[in-house]
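Below is one structure, written out as structure tokens; comments come after it.
The values are calculated or read from the model by the stated rules, or taken from the named source; none is laboratory data. Quick caveat: nothing in here was measured; it's all calculated off a predicted structure. Positions of Cβ are generated from backbone atoms using ideal geometry, with glycine treated the same way; all protein chains shown enter the neighbour counts. Just the protein is used for accessible areas: all its heavy atoms, side chains included, with ligands, DNA and RNA removed. Shrake-Rupley method; radii C 1.70, N 1.55, O 1.52, S 1.80 Å.
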Amino acid sequence: MPPTFFHASSLTKRLLLLLLLLALGCAACSRTSPHQPRYGEAMGEVGRRFELAGRAAAANRFELAAFEVDEMGEVFSQLPRAEPPKEGDAKVLPPMVEGFQKAELPELARAAKDKDGRAFGDAFARAAAACNACHVASGHGFIDIPTKPGKPVPDVDPAPSG
């Protein structure tokens with residue numbers, strides 16, 4: 001008959017108990033301290049989704065564009081809890097994020113829902129201008145967002161010389 005827990009040595013019981021407590025402690029830690037996103041991570045995701053929304057709209061795939069705009073909204077809703085960037089001026093971010101959420105995201109969503117390519121292009125250009133203004137104000141002006149749907153985000157085309 002195989003040994004059971006009650007027949008195991010005292011040392012074995014202690015080791016099993018220690019492993020159980022350690023596992024429970026790790027599980028509790030992961031639930032009580034969720035990952036705090038960093039601004040850079042969140043903005044990277046916003047940029048990727050902004051590019052995809054623009055590419056989708058340029059291809060008349062407005063359902064996908066609407067989905068990506070909605071996902072951008074979810075990322076923006078997490079920004080108040082995000083760790084602010086260490087470089088630049090982080091105090092300008094909250095009002096600019098709020099303005100983007102109230103103005104640019106609804107316009108993009110409405111144009112995608114209406115399947116209106118011209119309105120989407122106009123809303124996209126205004127959203128990109130708002131992104132670029134925020135980047136400049138926060139000390140990240142080198143991150144340039146293209147104003148035309150379908151271009152890569154960020155814009156990495158050669159800068160004008162001079």
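Structure summary
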{"item": "Complete set of residues in the stretch 103-162 that are of a type in the set (F, W, Y) and not in a loop (DSSP other than H, G, I, E, B)", "result": "F120, F124"}
{"item": "Which listed residue is in contact with a Leu (Cβ under 9 Å, 6 or more places away or on another chain) and of a type outside the set (F, W, Y), from A137, A109, A125", "result": "A137"}
{"item": "Top-ranked residue in the stretch 109-162 [being open to solvent by less than 100 Å² (accessible area, probe 1.4 Å) and among the hydroxyl-bearing types (S, T, Y); ranked as farthest from the chain's Cα centre (by Cα)]", "result": "T147"}
{"item": "Pairs where the first residue, in the stretch 52-69, is β-branched (V, I, T) and the second is part of a helix (DSSP H, G or I) and at pLDDT 95 or above, C-beta under 6 Å, 6+ apart", "result": "V69/A53; V69/L108; V69/A109; V69/A112"}
{"item": "Selection count where residues are touching a residue at least 24 places away in the same chain (Cβ under 8 Å) and in a helix (DSSP H, G or I), scope the stretch 79-96", "result": "6"}
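Listed here are the residues, each with its yes/no results for (1) modelled with pLDDT of 95 or more; (2) of a type outside the set (D, E); (3) on the phi > 0 side of the Ramachandran plot.
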site	(1), (2), (3)
A65	yes, yes, no
D70	yes, no, no
E74	yes, no, no
P84	no, yes, no
F100	yes, yes, no
A103	yes, yes, no
P106	yes, yes, no
R110	yes, yes, no
